[in-house]
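Derivation of every value follows stated rules applied to the coordinates shown; laboratory data play no part. If you're wondering where the values come from, they're calculated on a predicted model, not measured in any experiment. Note: ideal-geometry Cβ built from the backbone for every residue, glycine included; neighbour counts use all protein chains shown.
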Amino acid sequence: MEKIVSLCKRRGFVFPSCEIYGGLANAYGYGPYGAELKNNIKQLWWKKFVHDREDIVGIDGPILLHPKLWEASGHTEGFNDALVDCKECKKRFRADHLVEEFTGQDLEGQLEEMTKIIQAEIKCPECGKQNWTEARNLNMMFKTEMNGISEAVYLRPETAGAIFIEFKNIVDSLRPKIPFGIAQIGKAFRNEIVAKNFIFRLREFEQMEIEYFIDPEVDWEPLFEQWLQWQEEFALELGIKSNQLRRYEHPKDKLSHYSKKTVDTEFAFPFGTRGYEELFGLAHRADFDLTQHAKFSGQKLEYFDAVNNRRFVPHVLEPTVGLDRLVFASLVAAYAEEEVKGGKRVVLKFPVKIAPVKVAILPLSKKEELTKPARELFNNLKTHFICEYDETQSIGKRYRRQDEIGTPYCVTVDFETLTDQAVTVRDRDTMEQERVKIGELEVYLKKKLA
């Protein structure tokens with residue numbers, strides 16, 4: 001964990017936000033390579049689940065939504081986590097996490113039980129004292145104001161709401177055939193009691209979510225299993241190994257009141273006591289959302305099946321994933337340390353599709369006779385690939401730097417290039433080098449990066 005966090009800051013993937021002011025409550029920003037990695041993952045997800053499918057369309061909804069939406073969804077009253085304070089050091093903790101960490105018990109939602117255990121058995125992890133408040137609920141929505149609106153307005157705590165309110169517009173304008181889905185990538189905001197573990201749990205984060213509408217009379221179990229497989233396939237495309245994933249089905253007594261089934265696909269993140277934490281989620285939400293929004297808005301949110309002359313409220317399967325968690329998981333999966341000639345090499349072995357930089361152009365020296373053709377090569381290749389030009393330090397140190405940012409191929413322009421019109425291409429993973437004619441280089445790289 002510490003090695004990955006250090007690498008992310010040192011190489012420009014992820015920075016602690018507002019560091020010059022002392023930081024801000026586990027807030028992070030993405031540096032140049034982190035932004036590229038994040039965007040590559042987004043584009044890959046959008047292609048797989050929107051562009052390559054006929055049954056899913058994409059939208060981009062607003063962050064500020066009508067306050068009644070959150071009343072309808074239950075967020076205004078029920079979007080809570082359990083909070084407990086240490087009276088001695090004033091440190092705040094999420095009560096259910098504290099209990100689970102120290103006892104292994106999952107008591108989410110049971111405030112009295114959590115209070116009893118915490119006050120009787122648990123010492124503060126921060127100061128070691130045992131002087132607690134009672135566990136109490138804290139609503140996690142961020143409240144703000146809007147001119148012309150008298151009631152409180154909230155930053156959306158999830159992207160799903162913006163999808164459900166556009167259901168009628170999508171059906172009316174596109175006339176999709178059921179089953180169909182609506183996808184969205186966007187920011188969400190949760191006033192977490194404890195934001196921690198790097199970019200795993202943030203107060204401002206990005207979700208990639210689909211609401212997949214189905215006929216309530218169909219057998220949904222095979223489709224549910226198919227969605228689990230599709231989510232896991234996507235994880236593998238990011239370089240995550242199958243042995244780093246596992247499924248966790250929520251027990252019936254822990255399900256949301258509207259859910260028929262919820263399964264998390266968990267990843268072996270390098271923290272915590274459980275060994276695995278949620279990466280993807282998949283829930284059968286029945287008709288709860290559309291029924292609630294119809295009730296609170298007074299609008300009919302139904303689907304008409306012209307073939308069978310039926311009108312009904314669709315049920316919903318909801319596959320969802322946090323983009324920041326996917327970035328984190330991709331970094332963990334890609335990170336490797338290798339012994340090379342008596343030294344240690346740190347390398348990020350990203351799949352080429354998500355690597356922030358695809359090709360690095362490296363002149364062997366700073367002499368103009370090499371930098372000039374190297375610059376020309378860089379200018380030609382950058383129209384086809386995300387490229388980086390680097391002429392500082394020794395060639396060995398530049399190779400190591402490119403290894404640490406996950407660049408699949410380094411192209412070295414050396415003195416032989418001046419006579420044979422060829423360059424040396426180095427493979428990141430094998431470190432093998434191959435001599436390639438400059439005139440054939442573009443085609444060579446396209447094949448390698450396809």
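Data overview
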quantity: Two-site label geometry, Arg274 and Leu138: point separation in nm, points 7 Å out along Cα→Cβ; calculated: 2.0
quantity: Highest-MSF residue in the chain out of Asn380, Asn40, Asn139 [GNM, Cα springs under 10 Å]; calculated: Asn380
quantity: Over 43 Å [Cα-Cα, the chain], rounded percent; calculated: 26
quantity: Relative exposure of Phe205, Phe296, Phe167, judged by other C-beta atoms within 10 Å (fewest first); calculated: Phe296, Phe205, Phe167
quantity: Per-pair calculated FRET efficiency, R0 = 30 Å: Glu204 and Lys87 via Cβ, rounded to 0.05; calculated: 0.50
quantity: Separation in nanometres of the label points that stand 7 Å from Cα toward Cβ, at Glu101 and Lys9; calculated: 2.0
quantity: Three-way shape label, the stretch 80-139, alpha-carbon gyration tensor, a/c 1.5; calculated: oblate
quantity: Among Val14, Val307, Val346, residue whose mean-square fluctuation peaks in a GNM of the chain (springs only between Cα atoms under 10 Å); calculated: Val307
quantity: Cysteines not pairable in the chain (beta carbon separation under 4.7 Å absent); calculated: Cys8, Cys18, Cys387, Cys410
quantity: Loop-located GluC sites (Glu not before Pro) in the stretch 1-70 whose Cβ has at most 16 other Cβ within 10 Å (DSSP); calculated: Glu54
quantity: Ser73, Ser394 arranged by Cβ crowding within 10 Å, fewest neighbours leading; calculated: Ser394, Ser73
quantity: Alpha-carbon centroid distance for the pair the stretch 198-256 / the stretch 105-119, whole angstrom; calculated: 28
quantity: Pairs from Lys48/Lys353; Lys91/Lys254; Lys168/Lys261 whose Cα-Cα separation, in the structure shown, is over 21 Å; calculated: Lys91/Lys254; Lys168/Lys261
quantity: Fully extended contour minus Cα-Cα distance, from Glu432 to Glu337, at 0.36 nm per residue; calculated: 32.5 nm
quantity: Within the stretch 301-356, trypsin sites (Lys or Arg not before Pro) in DSSP loop having at most 11 other beta-carbon neighbours inside 10 Å; calculated: Lys341
quantity: Kyte-Doolittle mean at least -1.0 and Cα axial length at least 27 Å: DSSP H helices in the chain; calculated: none
quantity: Relative contact order (percent, whole number), the chain, Cα cutoff 8 Å, 6+ residue spacing; calculated: 13
quantity: The chain: most fluctuating residue of Cys410, Cys86, Cys127 per GNM, C-alpha cutoff 10 Å; calculated: Cys127
quantity: Residues listed by number, the stretch 161-200, amide nitrogen under 20 Å from Phe304 label point at 7 Å toward C-beta; calculated: 166-180
